[in-house]
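The values are calculated or read from the model by the stated rules, or taken from the named source; none is laboratory data. Computed from a predicted model, the values in this text were never measured in an experiment. Heads up, the Cβs are rebuilt from the backbone with ideal geometry, glycines too, and the neighbour counts pull from every protein chain shown. Heavy atoms of the whole protein, side chains included, go into the accessibility calculation; ligands, DNA and RNA do not. Shrake-Rupley method; radii C 1.70, N 1.55, O 1.52, S 1.80 Å.
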Amino acid sequence: MSGFTTSARVVYIVLLGVTLGATLFLLLVLHPSALVHLPSEQSATELVRSMAASLDFFVLIGSPLLLVCLLVGFLSSGYSLRLPLIAVLLLAGAASMSHFWLEPEMLDIRQSLGQPIQYLDVNNPMRLRYTNFTTLSNWLHWFRVIASVYLLGQGVVSASPKRSLGLRF
């Protein structure tokens, strides 16, 4: 294995680790603590949305690099790269959907309302739409966690030499 292949594998693992760590931080630490410690739900939402937008941008920038590192670092390993390539493309697609569609729609809803969302009636159509977009955004972030864990596991497994003899599962 050459130094270039090893470097590609290291960059691949680091990018996935940063993506996974930042996404888990957003979902498990920042969002709950922002709701508790900031004075209003609107300021907490602004903080979480800005962090989510930054994370989406990082994933959008890093996805082409992930693809290149996956191909360069693991092509010679003997493992099939079909599922990891699909997972990286889905990871980029989820970030694109969040960054280019969900975030602008949610911003438009917030700006079109004359008051903070928490003061609207629970059955208000705009509040329901915003809640649906927030739920979809959270699901996309959890998908990013699952895809990152899968890709990290695949990266570790395929970094070890493939056995030509023995049991195959």
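So, with a 1.4 angstrom probe, what is the percent of accessible area on the stretch 1-101 that is carbon and sulfur?
Working: 3970 of 5240 Å².
Roughly 76 percent of what the probe reaches on the stretch 1-101 is carbon or sulfur.
Put T5, T135 in order of accessible area, largest first, 1.4 Å probe: what do you get? Kindly include the intermediate steps, with their values, before the conclusion.
Working: T5 20, T135 65 Å².
Ranked from most to least accessible, the order is T135, T5.
Helix 103-112 versus the longest principal axis of the chain: what is the Cα-based angle in degrees, 0 to 90, to the nearest 10?
0
E105 accessible area, nearest 10 Å², 1.4 Å probe?
Approximately 50 Å² for this residue.
What accessible area per residue, rounded to a whole number of Å², is obtained for the chain using a probe radius of 1.4 Å? Each step should come with its number before you reach the end.
Working: 9720 Å² over 169 residues.
I get 58 Å² per residue for this part.
What are the ³J(HN,Hα) values, in whole Hz, obtained from phi via the Karplus relation 6.51 cos²θ - 1.76 cosθ + 1.60 with θ = phi - 60°, for each residue of the stretch 21-34 in sequence order, with x given for Gly and Pro?
Residue by residue, the stretch 21-34 yields x, 5, 5, 5, 4, 4, 6, 9, 10, 5, 4, x, 6, 5 Hz.
How much length is gained on full extension from V122 to S50, taking 0.36 nm per residue of separation minus their Cα-Cα distance? Kindly include the intermediate steps, with their values, before the conclusion.
On the way: separation 72, 0.36 × 72 = 25.92 nm, distance 2.45 nm.
So the chain would gain 23.5 nm between V122 and S50.
Would you work out which of G78, A44, P125 lies farthest towards the positive end of the dipole of the chain? Charges go on Cβ: Lys and Arg +1, Asp and Glu -1.
Going by the Cα projections, it comes out as G78.
Determine the gain in length on full extension of the stretch I86-L152; use 0.36 nm per residue of separation and subtract their C-alpha separation, reporting nm with one decimal.
The span from I86 to L152 would gain 22.4 nm if fully extended.
Indicate the gyration tensor shape class of the chain (rounded, prolate or oblate), computed on the Cα atoms with a ≥ b ≥ c the square roots of the eigenvalues: a/c under 1.5 is rounded; otherwise a/b larger than b/c is prolate and the rest oblate. Mind dumping the intermediate values first?
Numbers: a/c = 2.87, a/b = 2.77, b/c = 1.04.
Verdict is prolate for the chain.
Would you work out the relative contact order for the stretch 1-78, in percent, from Cα pairs under 8 angstrom that are 6 or more residues apart?
Details: 39 pairs, mean separation 41.7, N = 78.
Reported relative contact order: 53 percent.
Round to a whole angstrom and tell me the spacing of the C-alpha centers of the stretch 1-79 and the stretch 119-147.
21
Please report the accessible area of I117 (heavy atoms, 1.4 Å probe, ligands and nucleic acids excluded) in Å², nearest 10.
30
At a threshold of 8 angstrom on Cα-Cα distance, excluding pairs fewer than six apart, so keeping six or more, what relative contact order does the chain reach in percent? Before the final figure, lay out the partial values.
Numbers: 127 pairs, mean separation 56.9, N = 169.
Relative contact order here is 34 percent.
What is the sum of charges, Lys and Arg at +1 and Asp and Glu at -1, for the other residues whose Cβ falls under 13 Å from the Cβ of M106?
On the way: positive: R49, R110, R127, R129; negative: E46, D56, E103, E105, D108.
That works out to -1.
Taking Cα atoms, how many degrees apart are the long axis of helix 82-97 and the longest axis of the chain, rounded to 10 and kept between 0 and 90?
Around 20 degrees separate the two axes.
How much accessible area does S80 have with a 1.4 Å probe, in Å² rounded to the nearest 10?
Approximately 80 Å² for this residue.
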